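Reviewing the structure listed below.
The values are calculated or read from the model by the stated rules, or taken from the named source; none is laboratory data. Quick caveat: nothing in here was measured; it's all calculated off a predicted structure. FYI the Cβ positions are ideal-geometry reconstructions off the backbone, even for glycines, and counts take in every protein chain you see. These area figures cover heavy atoms from the full protein model, side chains too; ligands, DNA and RNA do not enter into them. Shrake-Rupley method; radii C 1.70, N 1.55, O 1.52, S 1.80 Å.
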Amino acid sequence: NASRLLGKTVLVTGASAGIGAATAILFAKGGSNVILCARRVDALAKVAEACTSAHKESGLQQGGKFATVQLDVADKAQVASLFDKIPQDLHDVDILVNNAGFVYGTERVGDIAPSDYEAMFATNVFGLIAITQLFLKRFKAKKSGHVINLGSVAGREAYVGGSIYCATKHAVRAFTNSLMKEVVDTPIRVTEIQPGMVETEFSIVRFRGDKSAADKVYEGLHPLTAEDIAEEIVWAAARPPHVNLAEVFVLPVNQA
Ligand code: NDP
């Protein structure tokens, strides 16, 4: 029931594009307040405008507060001071969506530059852990909260040329599962969303900006859209408080 999201406050990392942007807009449409975080502030501002329009169109009274925060989740100091940049009236966050993440390159193990594997782990794993720790303290204090992490099909299996990305998403899955067990005696919920192929800027980043190589990945397929995944995230958040969707594995119909 979407009414459970009315007036809730959601923080989304990686909200400047793709799944994060679509998620922010869908929560806005459902009457939630949203804090949008990412490194590109111009792109964030555009998504925040789209949130405002979506909320207006909904005609809902609740929600409608949107803030943008420049945040590199891989920067520990920025994560530690995150609440200094969030307006006071949005400090009481109910739902954390740990969405920021990327894959860079398609090299096999012997050819991966240490700077690339370190960067992927810094964002996809260490950034996610640091933010989760920051919110867990608050969720425990207020005895409620929902952590929604973006895993991947790459966290369930592995493929050639994706060793580091797959390793980061396997780490996210294990971390998320441990966290869920650690808070089992609290009302805090922990969910992992595991998408298959979603057409976003993700593939362009993977191919280091080579758009034609990125587009080839989707040839002959009907990939998921960012909105498809946003729907799963918002659905998980809107379940009754005693229901925890532990893992949501979503594939395009022609990916197995
Ligand atoms: P996009 O490339 O479209 O968006 C990624 C977002 O993450 C951007 O908003 C980017 O913003 C942000 N981001 C990247 N690094 C950082 C960082 N260090 N700090 C803060 N924000 C960061 O990709 P998707 O929307 O497709 O991906 C979202 C999530 O979904 C990722 O975790 C990805 O691994 C996962 N996923 C994606 C799949 C796909 O096929 N697309 C499949 C399975 C999982 P900015 O550059 O402004 O910081």
Quiz item: Tally Lys/Arg at +1 and Asp/Glu at -1 over every other residue whose Cβ is under 15 Å from the Cβ of S3; what's the total?
Solution: +3
Exercise. Give me the angle, in degrees from 0 to 90, between the Cα long axis of helix 128-142 and the longest principal axis of the Cα atoms of the chain, rounded to the nearest 10.
Key: 20
Exercise. Just name one of T176, L134, V47: the one whose Cα is farthest towards the positive end of the charge dipole of the stretch 2-250 (beta-carbon charges, Lys/Arg +1, Asp/Glu -1).
Key: L134
Quiz prompt | Amide H contacts under 5 Å for V190, placed H, 5+ residues apart | solution = V147
Quiz item: Rounded, prolate or oblate: which one fits the stretch 62-155, using the alpha carbon gyration tensor with axes a ≥ b ≥ c (rounded when a/c is under 1.5, else prolate when a/b beats b/c, else oblate)?
Solution: prolate
Quiz item: Using a probe of 1.4 angstrom, how much of the accessible area of the chain is carbon and sulfur, in percent?
Solution: 54
Quiz item: When Lys and Arg each count +1 and Asp and Glu each count -1, what net charge do the other residues less than 11 Å away from A17, Cβ to Cβ, add up to?
Solution: +2
Exercise. Would you mind working out the magnitude of the charge dipole of the stretch 120-256 relative to its Cα centre, with +1 at each Lys and Arg C-beta and -1 at each Asp and Glu C-beta, to the nearest 20 Debye?
Key: 720
Quiz item: Does anyone have the angle between helix 163-182 and the longest principal axis of the chain? Alpha-carbon axes, 0 to 90°, nearest 10?
Solution: 30
Self-check item: Pairwise label distance in nanometres, W235 with V184, each label 7 Å out on the Cα-Cβ vector
Solution: 2.6
Quiz item: So who's got an amide H within less than 5 Å of the one on G14, skipping anything under 5 residues away but keeping other chains? H placed 1.01 Å off N, in plane.
Solution: C37, A38, A100
Practice problem: Please list, in chain and number order, the residues 5+ apart from S32 or on another chain whose amide H is under 5 Å from its amide H, with Hs placed from the backbone. | Solution: G7, G64
Quiz prompt | Between the stretch 152-203 and the stretch 232-256, the alpha-carbon center distance in angstrom | solution = 13
Practice problem: Place +1 on the Cβ of every Lys and Arg and -1 on the Cβ of every Asp and Glu in the stretch 189-234, take the dipole about the Cα centre, and give the residue among Q194, A213, I229 whose Cα lies farthest towards its positive end. | Solution: A213
Self-check item: Projected label distance in nm at A141 and T225, using a 7 Å step from Cα toward the beta-carbon
Solution: 4.0
Exercise. Rounded to whole Hz and in sequence order, give me ³J(HN,Hα) for the stretch 83-92 from the Karplus expression 6.51 cos²θ - 1.76 cosθ + 1.60, θ = phi - 60°, writing x for Gly and Pro.
Key: 5, 5, 9, 9, x, 3, 6, 10, 6, 8
Quiz prompt | Which of Y159, L96, A119, positive extreme of dipole for the stretch 73-168 (C-beta unit charges) | solution = L96
Quiz item: In degrees from 0 to 90, rounded to the nearest 10, what is the angle of the helix 226-237 Cα long axis to the longest principal axis of the chain?
Solution: 50
Quiz item: Taking a point 7 angstrom from the Cα of T52 along the C-beta vector, which residues in the stretch 71-87 have backbone N less than 19 Å away?
Solution: 86-87
Quiz item: Can you give the convex hull volume of the alpha carbon atoms of the stretch 2-250 per residue, in Å³?
Solution: 121
Quiz item: Where nothing but the Cβ of Lys and Arg (+1) and of Asp and Glu (-1) is charged, how large is the charge dipole of the stretch 2-250 around its Cα centre, in debye to the nearest 20?
Solution: 740
Quiz item: From the square roots a ≥ b ≥ c of the eigenvalues of the alpha-carbon gyration tensor of the stretch 146-256, which class results: rounded (a/c under 1.5), prolate (a/b over b/c), or oblate?
Solution: prolate
Self-check item: MRE, 222 nm, helices only [DSSP H, n ≥ 4, -39500 (n - 2.57), over the chain, to nearest 500]
Solution: -12000 deg cm²/dmol
Exercise. Determine the gain in length on full extension of the stretch R40-R208; use 0.36 nm per residue of separation and subtract their C-alpha separation, reporting nm with one decimal.
Key: 58.8 nm
Practice problem: Excluding A230 itself, calculate the net charge of residues whose Cβ lies under 14 Å from the Cβ of A230, where each Lys or Arg counts +1 and each Asp or Glu counts -1. | Solution: -4
Self-check item: Heavy atoms of R173 accessible to a 1.4 Å probe, total area in Å² rounded to 10
Solution: 70
